[in-house]
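Peer 1: Supplied in structure tokens, the structure appears directly below.
The values are calculated or read from the model by the stated rules, or taken from the named source; none is laboratory data. All figures in this text were calculated on a predicted structure; none of them were measured in a lab. Glycine gets a Cβ as well: all are built from the backbone with ideal geometry, and neighbour counts include every protein chain shown.
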Amino acid sequence: MTSSLTRSVVLALLLLFLVGPFIVIIAASFSGGDTLAFPPQGFSLQWVVKVFMVQSFRSSFALSMFLAVFATFAALVLGIPASYALARYRIPFGETVRTVVSSPIIVPGIIVGLALLRYLVVPFRIDVILALFLAHTALVLPYAVRVVSASLDNLRSDIEEAAVLLGSSRLGAFFRVVMPNIRGGILAAFILGFVTSFNQVPVSLFLSGPGVQTLPIDMLGYMERTYDPSVAALSSLLAFMSIGIVFLAERFIGFSRYV
Amino acid sequence: MSDPAYLSLEQLTLAYGDTVAVDRLDLSIAQGELIALLGPSGCGKTTTMRAIAGLLSPSSGRIRLDGRDITRVGANKRAVGLVFQSYALFPHLTVFENVAFGLRLKGLRGQDLESRVRSGLESVGLSSFSGRKPAELSGGQQQRVALARSMVMEPKVLLLDEPLSNLDARLRLEMRTELQRVQKETGVTMIFVTHDQGEALALADRIVVMLNGGVEQIGTPEEIYNQPGSRFVADFVGFENIFRLDDGKLITEAGPIAIEGTPPDGATGLAWRPAMVELDRGPFEGSVRGVSFAGGTREYLLDTPLGPIKAEADAGLPVHDLGARLRFALPVERAAPLARFG
């Protein structure tokens, strides 16, 4: 009795800890006042409306979307063949390759950002958007490789041989029998990569240039200049977008199996 | 059985690094034969099968099929079918689409495709399952789909990897009958790989016993069972009492022992199944170390001056207790003479 009560209390505290900040932000989004404060003063939709009016939010949102979609796509184009090779062939230094590919997860973003800026962007005068795209691709790659590898490990390799014996080429077998069976993993990797890229702060902070900013960086800057609740409103909208994506993913592919 | 060498392997050698899995293997198979490659794991039988399929490239030697050298022909162009031990059905496709897979690649569409797949499924008794996914089928049904998927391609040779090992006893008999029927109806040349001598004896026209990457003996099931050519084959098919023969004497733990009767010329060893050992009479004596009841018979393990001997007696006879002393004979005329004692 006592132990089950203790358990309930601990669970409630844990949930409050996880969800609490989220409640504060949502409440603040609908504030009637004009500073970011909790508890909110009155109720209004003005800050939610304002989010759509701020020009920089619209352009940085577009850039973040563009990066998240294309960097994740690029990471999958590189990551799927890499995962396949790692799963199916005995590659010299295969484990090393795996570690190197995963390194952007392990190395702090701030170091990656600084390194990319100092040794890639500055010396080669790389365009800001291209630099962001390359950096985000590298950051998403580990997730792509990890999730796709897990799917491949669960897929028997003899179905490819069966396809070949039925007349398919090796490459054809990959597209006909491997890809359809790791579709769920690829979609899960895409979602994970998308969210990772979209929420990326430290690396983007180093690489963003004047007038070219991803949404999280733009929000940081906005808060330094204007302390109104529109950032809270924007955060709420983004949170709901993420929840929506994960909900749909769970519903259709059983997202949690892959992550 | 028109052409004596429909499929032939000539000096086939496969090596991985320093390990030679198959060593200068020669084998010649007639059209329509049902061949078993029999041997313990690591004997090279699976490697040989995969080389015939084209999934492994030989280091040297040649493979000829139907008058054509296919050693360097890709696995997808050999007209060789393979039923995998795990069946290897495509999990994302229905039973129908699994069977249609190869036919689609051949360019069949519409009515042609439909009727070929239907008759393929019909021949294995799975017409009503065409809309199911492999995961919704039992192991035996999956195997029949795999069989149909290979057979609709009308392969010149059908390879089967341990076709009965994943099935329970009842299904095993059913599948064995099924394979024999398919073989009879289509006349396809079949080669199956197995480590189970019972499967090989029951199913094959000819058995190729393999050991250490080479052929140990080739023969009909009767020949392999009754006239094993070597100590290894004798042991593999259930001769439990095997002795080297030197100068007409059995070489035993207690030194050479003379036996009654004359062994055939050229025999380097003699082997007796437990049932061939005569009990309760004869020149030797041993004490009972173990008895086990095996239905119609009782098996005795005897400690004897020759070493341990396994004998068999009708279960209707009174049982001998542990420690009892029994006389026994090893009749030379019943023994299988071994040409090689390797």
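Peer 1: If you check B:SER41 against the conditions, is it more than 14 Å from every other protein chain (Cβ to nearest Cβ), surrounded by fewer than 17 Cβ atoms within 10 Å (Cβ to Cβ) and outside any loop (DSSP other than H, G, I, E, B)?
Peer 2: no
Peer 1: Here's another thing I want to ask about it. Cβ-Cβ under 9 Å, sequence separation 6+ or interchain: first residue in the range B:44-59 and under 15 Å from B:LEU158 (Cβ atoms) and more than 10 Å from chain A (Cβ to nearest Cβ), partner outside any loop (DSSP other than H, G, I, E, B) and charged (D, E, K, R). Which pairs?
Peer 2: Pairs found: B:MET49/B:ASP161.
Peer 1: Can you run down the residue pairs with Cβ atoms below 8 Å, 6 or more apart or on separate chains, where the first is in the range A:84-100 and without any contact (Cβ under 8 Å) to a residue 40 or more places away in the chain and the partner is in a helix (DSSP H, G or I)?
Peer 2: Between residues of the range A:84-100 that are without any contact (Cβ under 8 Å) to a residue 40 or more places away in the chain and residues that are in a helix (DSSP H, G or I), the close pairs are A:ILE91/A:ALA85; A:ILE91/A:VAL97; A:GLY94/A:LEU86; A:VAL97/A:ALA82; A:VAL97/A:LEU86.
Okay, residues lined up against (1) in a strand (DSSP E or B); (2) within 17 Å of B:ARG273 (Cα to Cα):
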| residue | (1), (2) |
| --- | --- |
| B:SER287 | yes, no |
| B:VAL291 | yes, yes |
| B:TYR300 | yes, yes |
| B:ASP303 | yes, yes |
| B:PRO318 | no, no |
| B:ASP321 | no, no |
| B:PRO337 | yes, yes |
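Peer 1: What are the residue pairs meeting all of these: first residue in the range B:69-92, first residue more than 8 Å from chain A (Cβ to nearest Cβ) and closer than 23 Å to B:VAL182 by Cα, second residue in a strand (DSSP E or B) and acidic (Asp, Glu), Cβ atoms under 8 Å, and 6 or more apart or on different chains?
Peer 2: From residues that are more than 8 Å from chain A (Cβ to nearest Cβ) and closer than 23 Å to B:VAL182 by Cα, the pairs are B:VAL83/B:ASP161; B:GLN85/B:ASP161.
Peer 1: Go through the range B:117-156 and report how many residues are within 14 Å of another protein chain (Cβ to nearest Cβ) and within 30 Å of B:SER8 (Cβ to Cβ).
Peer 2: 13
Peer 1: With the requirement that a residue be exposed (fewer than 14 other Cβ atoms within 10 Å of the Cβ) and in contact (Cβ under 8 Å) with a residue 12 or more places away in the chain, what does the range B:308-341 give you?
Peer 2: B:ASP314, B:ALA315, B:LEU317, B:VAL319, B:ASP321, B:LEU322, B:GLY323, B:ALA324, B:ARG325, B:ARG327, B:GLU333 - these are the residues of the range B:308-341 that are exposed (fewer than 14 other Cβ atoms within 10 Å of the Cβ) and in contact (Cβ under 8 Å) with a residue 12 or more places away in the chain.
Peer 1: Right, something else. Among the residues that make up the range A:134-142, is at least one of them among the hydroxyl-bearing types (Ser, Thr, Tyr) and either in contact (Cβ under 8 Å) with a residue 12 or more places away in the chain or within 26 Å of A:LEU207 (Cα to Cα) (or both)?
Peer 2: Looking through the range A:134-142, at least one residue is among the hydroxyl-bearing types (Ser, Thr, Tyr) and either in contact (Cβ under 8 Å) with a residue 12 or more places away in the chain or within 26 Å of A:LEU207 (Cα to Cα) (or both).
Peer 1: Follow-up question, since we're still on this one. Quick check: is even one residue across the range A:212-234 under 24 Å from A:SER44 (Cα atoms), of a type outside the set (Asp, Glu) and in contact with a strand residue (DSSP E or B) (Cβ under 6 Å, 6 or more places away or on another chain)?
Peer 2: Yes, because at least one residue in the range A:212-234 is under 24 Å from A:SER44 (Cα atoms), of a type outside the set (Asp, Glu) and in contact with a strand residue (DSSP E or B) (Cβ under 6 Å, 6 or more places away or on another chain).
Peer 1: Looking for whichever is under 30 Å from B:ARG206 (Cα atoms) and buried (at least 16 other Cβ atoms within 10 Å of the Cβ) here; the options are B:ALA100, B:ALA75. Which one fits?
Peer 2: It is B:ALA75.
Peer 1: Can you pull out every residue in the range A:161-202 that is more than 13 Å from the chain's Cα centre (by Cα) and aliphatic (A, V, I, L, M)? Full working, then the answer.
Peer 2: Kept after step one, since they are more than 13 Å from the chain's Cα centre (by Cα), are these residues of the range A:161-202: A:161-186, A:202.
Within the range A:161-202, A:ALA162, A:ALA163, A:VAL164, A:LEU165, A:LEU166, A:LEU171, A:ALA173, A:VAL177, A:VAL178, A:MET179, A:ILE182, A:ILE186 qualify.
Peer 1: Moving on to the next point. Scan the range A:140-167 for residues that are away from chain B (no Cβ under 14 Å), surrounded by fewer than 24 Cβ atoms within 10 Å (Cβ to Cβ) and more than 15 Å from A:TYR84 (Cβ to Cβ) and jot them down.
Peer 2: Across the range A:140-167, the qualifying residue is only A:PRO142.
Peer 1: Moving to a separate point now. Filter the range A:160-185 down to residues that are of a type in the set (A, V, I, L, M, F, W, C), touching a helix residue (DSSP H, G or I) at 6+ places or on another chain (Cβ under 6 Å) and either within 30 Å of A:SER60 (Cα to Cα) or in contact (Cβ under 8 Å) with a residue 24 or more places away in the chain (or both), then give me how many there are.
Peer 2: Of the residues in the range A:160-185, 1 are of a type in the set (A, V, I, L, M, F, W, C), touching a helix residue (DSSP H, G or I) at 6+ places or on another chain (Cβ under 6 Å) and either within 30 Å of A:SER60 (Cα to Cα) or in contact (Cβ under 8 Å) with a residue 24 or more places away in the chain (or both).
Peer 1: For the range B:18-35, state whether one or more residues are at positive phi, modelled with pLDDT under 95 and surrounded by fewer than 18 Cβ atoms within 10 Å (Cβ to Cβ).
Peer 2: yes
Peer 1: Continuing with the same structure: Got at least one residue in the range A:168-179 being within 14 Å of chain B (Cβ to nearest Cβ) and basic (Lys, Arg)?
Peer 2: Looking through the range A:168-179, at least one residue is within 14 Å of chain B (Cβ to nearest Cβ) and basic (Lys, Arg).
Peer 1: How about the range A:21-36: which of its residues are surrounded by 14 or more Cβ atoms within 10 Å (Cβ to Cβ) and without any contact (Cβ under 8 Å) to a residue 12 or more places away in the chain?
Peer 2: If the condition is that a residue be surrounded by 14 or more Cβ atoms within 10 Å (Cβ to Cβ) and without any contact (Cβ under 8 Å) to a residue 12 or more places away in the chain, then no residue fits.
Peer 1: Can you pull out every residue in the range B:78-100 that is modelled with pLDDT of 95 or more and more than 23 Å from B:ARG132 (Cβ to Cβ)?
Peer 2: Matches in the range B:78-100: B:VAL80 only.
Peer 1: Quick one: which residue in B:SER119, B:SER86 is of a type in the set (S, T, N, Q) and farther than 27 Å from B:LYS45 by Cβ? Spell out how you get there, then give the answer.
Peer 2: On the way: B:SER86 fails: farther than 27 Å from B:LYS45 by Cβ.
Going through B:SER119, B:SER86 in turn, the sole match is B:SER119.
Peer 1: What number goes with the only condition from (1) within 14 Å of another protein chain (Cβ to nearest Cβ); (2) modelled with pLDDT under 90; (3) in contact with a Ser or Thr (Cβ under 9 Å, 6 or more places away or on another chain) that A:TYR222 does not pass?
Peer 2: (1)
Peer 1: Return yes when B:ALA254 is surrounded by fewer than 17 Cβ atoms within 10 Å (Cβ to Cβ) and free of Cβ contacts under 8 Å to residues at least 40 places away in the same chain and no when it is not.
Peer 2: Taking the combined requirement at face value, the residue does not satisfy it.
Peer 1: Among what's in the range A:44-102 and is in contact with a Phe, Trp or Tyr (Cβ under 9 Å, 6 or more places away or on another chain) and outside any helix (DSSP H, G or I), pick the residue that is surrounded by the fewest Cβ atoms within 10 Å (Cβ to Cβ).
Peer 2: Result: A:LEU45.
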